[in-house]
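J.: Have a look at the structure that comes next, please.
The values are calculated or read from the model by the stated rules, or taken from the named source; none is laboratory data. Only a predicted model underlies this, so the values are computations on that prediction, with no experimental measurement involved. Methodologically, a virtual Cβ is constructed for each residue, glycine included, from the backbone with ideal geometry; neighbour enumeration extends over all protein chains shown.
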Amino acid sequence: MGSTEGVSAARIEPSADVDERAEIGPGSTVWHLAQVREHARIGADCIVGRGAYVGPGVRIGDRVKLQNHALVYEPAVVEDGVFVGPAAVLTNDLYPRSVDVDGRLKRGDDWHARGVTLREGCSIGGRAVLVAGVTVGRWALVAAGAVVHRDVPDFALVAGVPARRIKWVGRAGEPLEDAGDGRWRCPRTGEQYVEKDGLLAEAAER
């Protein structure tokens with residue numbers, strides 16, 4: 001698509017299914033066979049990969065990448081700069097059932113959806129599953145194939161089933177080096193971090 005006053009319009013492939021009530025920000029691309037449901041809002045400069053799904057009312061910030069076949073169920077909130085790997089799933093039902101106790105097919109009003117929240121800059125590895133209601137902290141990293149059933153702290157690298165923290169990572173995404181006395185250092189950028197009470201923050205924040 002063309003440009004308007006120097007700002008690129010959204011690009012939506014013809015095979016994508018984007019509801020007319022959805023909002024797609026400038027510079028964003030929705031690739032083949034992706035589906036974006038009603039009232040979803042996608043920010044600027046995002047990529048929605050082939051076959052990805054964005055549920056009704058989902059909120060996605062700027063510069064987010066949803067890789068192929070990522071499934072983001074409502075009412076998820078995805079902040080700026082987040083990466084969601086291929087075939088990752090953000091679920092929304094803690095006790096899923098197809099039917100109610102009387103054997104009738106459940107409808108939208110029969111249960112309460114609980115969305116996953118992905119904070120700024122975090123990354124979700126391919127085929128990871130995030131259980132309804134969890135929050136993944138800023139710049140955290142969820143390993144491929146992990147099952148996340150509880151909140152992930154900022155800058156944590158979690159892996160496994162169920163997911164547990166195995167390292168700390170910096171904003172560059174690389175594991176941090178232990179600098180002693182509760183301090184950690186990014187090997188790529190030299191940024192310093194401070195650990196206190198099981199949490200990590202950039203040194204300037206302390």
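J.: Please pick out the residue among 194, 161, 169 that is crowded, with 18+ Cβ neighbours inside 10 Å and either modelled with pLDDT under 95 or of a type in the set (A, V, I, L, M, F, W, C) (or both).
T.: Values: 194 fails: crowded, with 18+ Cβ neighbours inside 10 Å; 161 fails: crowded, with 18+ Cβ neighbours inside 10 Å.
Residue meeting the stated conditions: 169.
J.: Enumerate the pairs (first residue in the stretch 19-37 and more than 13 Å from residue 62 (Cβ to Cβ) and assigned by TED's automatic domain parsing to the domain that holds residue 68; second residue anywhere and assigned to a strand (DSSP E or B) and among the aromatic types (Phe, Trp, Tyr)) with beta-carbon separation below 6 Å, excluding pairs fewer than 6 apart on the same chain, so at least 6 apart or on different chains.
T.: 35/53
J.: Determine whether the stretch 162-184 contains at least one residue that is over 30 Å from residue 91 (Cβ atoms) and touching a Pro at 6+ places or on another chain (Cβ under 9 Å). Can you show your working first?
T.: To start, the set of residues in the stretch 162-184 that are over 30 Å from residue 91 (Cβ atoms) comprises 177-184.
When the remaining residues are screened for being touching a Pro at 6+ places or on another chain (Cβ under 9 Å), the result is 177.
Checked against the condition, which is being over 30 Å from residue 91 (Cβ atoms) and touching a Pro at 6+ places or on another chain (Cβ under 9 Å), the stretch 162-184 yields at least one hit.
J.: I need the full set of residues from the stretch 139-155 which are in a loop (DSSP other than H, G, I, E, B), surrounded by 20 or more Cβ atoms within 10 Å (Cβ to Cβ) and touching a residue at least 24 places away in the same chain (Cβ under 8 Å), in order please.
T.: Listed by number, the residues that qualify are 139, 140, 154, 155.
J.: Please verify whether residue 85 is more than 9 Å from the chain's Cα centre (by Cα) and of a type outside the set (D, E, K, R), treating the condition exactly as stated. Full working, then the answer.
T.: Working: more than 9 Å from the chain's Cα centre (by Cα): no; of a type outside the set (D, E, K, R): yes.
Answer is no for this residue.
J.: Could you please give the count of residues in the stretch 116-138 that are in a loop (DSSP other than H, G, I, E, B) and in contact with a Ser or Thr (Cβ under 9 Å, 6 or more places away or on another chain)?
T.: Here the count works out to 6.
J.: Of the residues in the stretch 156-194, how many are touching a helix residue (DSSP H, G or I) at 6+ places or on another chain (Cβ under 8 Å) and touching a residue at least 24 places away in the same chain (Cβ under 8 Å)?
T.: 1
J.: Output the number of the condition that residue 16 fails; it satisfies all remaining conditions of (1) modelled with pLDDT under 95; (2) more than 24 Å from residue 151 (Cα to Cα).
T.: (1)
J.: Here's a follow-up. Can you name the number of the only condition in (1) touching a strand residue (DSSP E or B) at 6+ places or on another chain (Cβ under 7 Å); (2) surrounded by fewer than 16 Cβ atoms within 10 Å (Cβ to Cβ); (3) modelled with pLDDT of 95 or more that residue 106 fails?
T.: Among (1) touching a strand residue (DSSP E or B) at 6+ places or on another chain (Cβ under 7 Å); (2) surrounded by fewer than 16 Cβ atoms within 10 Å (Cβ to Cβ); (3) modelled with pLDDT of 95 or more, the lone unmet condition for residue 106 is (3).
J.: Right, another one. Looking at 91, 135, which is the one that is in contact with a strand residue (DSSP E or B) (Cβ under 7 Å, 6 or more places away or on another chain), in the same structural domain as residue 55 (by TED's automatic domain parsing), closer than 21 Å to residue 41 by Cα and without any contact (Cβ under 8 Å) to a residue 40 or more places away in the chain? Walk me through it before giving the result.
T.: Numbers: 91 fails: without any contact (Cβ under 8 Å) to a residue 40 or more places away in the chain.
Checking each option against the conditions leaves just 135.
J.: Search the stretch 156-206 for residues being assigned to a loop (DSSP other than H, G, I, E, B) and of a type in the set (D, E, K, R), and hand back the single one that is farthest from residue 79 (Cα to Cα).
T.: Step one: filter the stretch 156-206 for residues assigned to a loop (DSSP other than H, G, I, E, B), giving 160-163, 170-174, 176, 181-182, 186-191, 197-198, 206.
Filter once more, keeping what is of a type in the set (D, E, K, R): 171, 174, 181, 188, 191, 197, 206.
On the way: 171: 15, 174: 20, 181: 32, 188: 24, 191: 22, 197: 26, 206: 23 Å.
Looking at residues that are assigned to a loop (DSSP other than H, G, I, E, B) and of a type in the set (D, E, K, R), I get 181.
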